[in-house]
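Worksheet for the structure shown next.
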Amino acid sequence: MAVERLNFLNVPIDVVPEEDLDSVILDLLSKDKPQHIMLVSLWDVLRARHRGEFRLMVEKAALVLPISRSLVRGARFLKKTPPVRHYPFTLVITVLGILERYNKSLYVFGAHNRSLLQAERNLRSTFPRLSLVGRFPGYYHRNMEKKILTAITKANPSLTIVGNGIPAGQKWIHRNRNRLHNGLFIWNGDVIDIFSERKRRISEKTFERGLEYFPLILKNPLRIFRVVQYLWYRVLLLYYRLFRGPA
């Protein structure tokens, strides 16, 4: 499998070239346990430096793929192999295309019911040879959890997309890894609503420029205070460059 795992600020990050995604995905599907594909931002990496459930989740993930431009620049500054930065929506589309070519299956879990139904219709239209074996909306009562896990496991999809409205968000995958089937699991809070056309995705041009965080600041101005975390990140990079070396 063409994957290089970096130790970046004591957090694992994977280098997966886009041209190798096909073989990487097929290799993960051959594994005998759930394969959690994580998309991590700069803030996720800083969070994963601390002990706790989030760090353990990152360490146990099958793939840890960076989505922040600053992570690529940071790896280059530390003289490591620059990881490939993945645009979340494009990555999901690419994975779905790979699965369709090999006649694999999909389960969609999350979002409000109307959004989920529309997303299902659009997915069937876009990927007609991909078998959509089930769906379940988010925002459900906690006593439904066992039935949902049973339904997903029985459906045995190649990929389960987990969206918003799921208790604990991405941690749901990690917490239930011992009760889930073999297959791929990707969490993204927006992707189902984007498929249903109820939410606009950030343009690829904005993403390529590394400006995807600015629309989030407009929605929640308090996010501007994350500049303190960013400054701390720069300090960490300098420390690792001067005292820790490239290893």
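The values are calculated or read from the model by the stated rules, or taken from the named source; none is laboratory data. Source: prediction; values computed, not measured. Positions of Cβ are backbone-derived with ideal geometry, glycine not excepted, and every protein chain shown enters the neighbour counts.
The table below lists the values:
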| item | result |
| --- | --- |
| Test: residue in the range 32-48 that is over 30 Å from Val227 (Cα atoms), of a type in the set (A, V, I, L, M, F, W, C) and within 16 Å of the chain's Cα centre (by Cα) | no |
| Cross-chain or 6+ apart pairs with Cβ under 8 Å, the range 99-111 first and of a type outside the set (Val, Ile, Thr), then at pLDDT below 95 | none |
| Selection from the range 114-163 of residues that are of a type in the set (Gly, Ala, Ser), over 16 Å from Gly189 (Cα atoms) and without any contact (Cβ under 8 Å) to a residue 40 or more places away in the chain | Ser125, Ser131, Gly134, Ala151 |
| Residue match in the range 159-166 (condition: surrounded by fewer than 13 Cβ atoms within 10 Å (Cβ to Cβ) and more than 17 Å from Asn113 (Cβ to Cβ)) | no |
| Which numbered condition Ser115 misses (of (1) polar (S, T, N, Q); (2) surrounded by 17 or more Cβ atoms within 10 Å (Cβ to Cβ); (3) under 19 Å from the mean Cα position of the chain (by Cα); (4) assigned to a helix (DSSP H, G or I)) | (3) |
| Contacts under 8 angstrom Cβ, first residue in the range 39-67 being under 15 Å from Asn10 (Cβ atoms), partner of a type in the set (Asp, Glu) and surrounded by 16 or more Cβ atoms within 10 Å (Cβ to Cβ), 6 or more apart | Phe54/Asp44; Val58/Asp44; Val64/Asp14 |
| Tyr239 in a loop (DSSP other than H, G, I, E, B), among the aromatic types (Phe, Trp, Tyr) and out of contact with any helix residue (DSSP H, G or I) (no Cβ under 6 Å at 6 or more places or on another chain) | no |
| Members of the range 79-95 that are aliphatic (A, V, I, L, M) and surrounded by 20 or more Cβ atoms within 10 Å (Cβ to Cβ) | Leu91, Val92, Val95 |
| Residue in the range 1-19 that is in a helix (DSSP H, G or I), aliphatic (A, V, I, L, M) and modelled with pLDDT of 95 or more present | no |
| Failed condition for Ile25, given (1) touching a residue at least 60 places away in the same chain (Cβ under 8 Å); (2) part of a helix (DSSP H, G or I); (3) more than 30 Å from Ser125 (Cα to Cα) | (3) |
| Of all residues in the range 118-136 being in contact with a Lys or Arg (Cβ under 9 Å, 6 or more places away or on another chain) and assigned to a loop (DSSP other than H, G, I, E, B), the one that is surrounded by the fewest Cβ atoms within 10 Å (Cβ to Cβ) | Arg129 |
| Extreme residue, modelled with the highest pLDDT, among residues of the range 204-227 that are assigned to a loop (DSSP other than H, G, I, E, B) and surrounded by fewer than 13 Cβ atoms within 10 Å (Cβ to Cβ) | Arg209 |
| Filtered residue count, the range 162-203, keeping only those that are over 20 Å from Phe127 (Cβ atoms) and not in a helix (DSSP H, G or I) | 18 |
| The one condition in (1) touching a residue at least 24 places away in the same chain (Cβ under 8 Å); (2) hydrophobic (A, V, I, L, M, F, W, C); (3) not in a strand (DSSP E or B) that Val72 fails to fulfil | (1) |
| Any hit, the range 171-186, residues being under 16 Å from the mean Cα position of the chain (by Cα), under 23 Å from Leu28 (Cβ atoms), surrounded by 13 or more Cβ atoms within 10 Å (Cβ to Cβ) and at pLDDT below 95 | no |
